Amino acid sequence: MLLQDKIKRLKQISYEEPQKVLSMYLNTDHRDPEQQGGAWRIELKNGLKELADATQESSSHEEKNQSKTIRQKVENEVNEREAEKGLYRGLVLFGTADEDLWFSQALHVPVKTEFHWETEPVLDQLKQLEKEYPYTGVIVIQQDEVTVLETELGTLVDQSHYTLDLNTNDWRQHEGPQGNDVRQGGAKKDEFKERVKEHQQRWFKALVAKLEKRAGQRDWEQIYLVGEKNEVEPLKSYFNKNIDKTVPRNLLNSDADKILADVLDD
């Protein structure tokens, strides 16, 4: 859980004057009615201007320099993410001018825009997001293929892909996103359709055994199932663990960011 480790470190950080930390939560959700027309850019500009105005009155020359440096670094960070279409729904950033601390994470979940300039990170909103979006396994199924996304705070942490091998009646795991060659030597769709009614129960039980083992090893706090209703509902019935959410949509061929954006959308 890479994000969780970073968050634990954030909770332990505290500096002494004149060293300061910028804590920024930026709502960049284009689906938010209040964000139409890129309103977040104005909020970013205003937040950084308020920081400039506040530190201009500081008696510490060092603090003024820190403020100037961190404002430029934040603008560069946001511009780079925007150019790469990587802002998603929100951006959380904690940083010092010398980058002794630099935590920047785009999220697929909404945040409320806030700016803080303190001697330690302001984590109230981040802690709340931890509670609302804990470490979750998102299982996306379509016939004889399954993609598993592990997400924390609405951010992709890990992913893997499973395919059903009809020769062995077992599920083969492939780490990372599905590649073009992942189906070589695997099941054929027409053969799958012929055998699904006869073997679905056994296949789903075998798949669930693998997924529940993974859930235990990775400490999943929630499980989401995504796929056509006629597949998700039977699969759900074989889980001993609680299924927190089902999404009756075929998203297997979408990329991970698209899946998380849809599944985590309120």
Just tell me, in residue order, which DSSP H segments of the chain are both 24 angstrom or longer along the helix axis (alpha-carbon based) and at least 1.6 in mean Kyte-Doolittle hydropathy. none
Please report the carbon-and-sulfur percent of the accessible area for the chain; probe 1.4 Å, protein heavy atoms only, DNA, RNA and ligands left out. 42 percent
Assuming a ≥ b ≥ c are the square roots of the Cα gyration tensor eigenvalues, decide whether region 77-145 counts as rounded (a/c under 1.5), prolate (otherwise, with a/b larger than b/c) or oblate. prolate
Hey, could you get me the Stokes-Einstein D for the chain, Kirkwood radius over alpha-carbon pairs, 20 °C and 1.002 mPa s, rounded to whole µm² s⁻¹? 104 µm²/s
Give the lysines whose C-alpha is closer than 19 Å to that of residue 11, dropping any in the same chain fewer than 8 places away, or say none. 20, 127, 131
For the chain, calculate the relative contact order in percent as a whole number, restricting contacts to Cα pairs under 8 Å that are 6 or more residues apart. 18 percent
What value in Å³ per residue do you get for the convex hull of the alpha-carbon atoms in region 40-105? 76 Å³
Name the residues whose placed amide hydrogens come within less than 5 Å of the amide hydrogen of residue 101, ignoring near sequence neighbours (fewer than 5 apart) on the same chain. 96
Counting only DSSP beta bridges fully inside the chain, the antiparallel percentage to nearest 5 is 80 percent
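What accessible area per residue comes out for region 17-107, rounded to a whole number of Å², with a 1.4 Å probe?
52 Å²
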For a quick protection proxy, order the peptides 126-138, 51-63, 145-157 by their average other-Cβ count within 10 Å, most packed first. 145-157, 126-138, 51-63
For residue 113, distant residues with modelled amide H under 5 Å away: 27
Quick one: Debye curve from the C-alpha atoms of region 1-90, no solvent, what's log10 I(q)/I(0) at q = 0.15, 0.19, 0.20 Å⁻¹? -0.74, -1.04, -1.09
Percent of Cα-Cα pairs more than 26 Å apart in region 1-153, please. 31 percent
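The values are calculated or read from the model by the stated rules, or taken from the named source; none is laboratory data. Model, not experiment: these values are computed from the prediction. Neighbour counts are summed over all protein chains in view; Cβ atoms, including those assigned to glycine, are modelled from backbone coordinates with ideal geometry. To get the accessible areas, we keep the full protein, side chains included, count just its heavy atoms, and leave off ligands, DNA and RNA. Shrake-Rupley method; radii C 1.70, N 1.55, O 1.52, S 1.80 Å.
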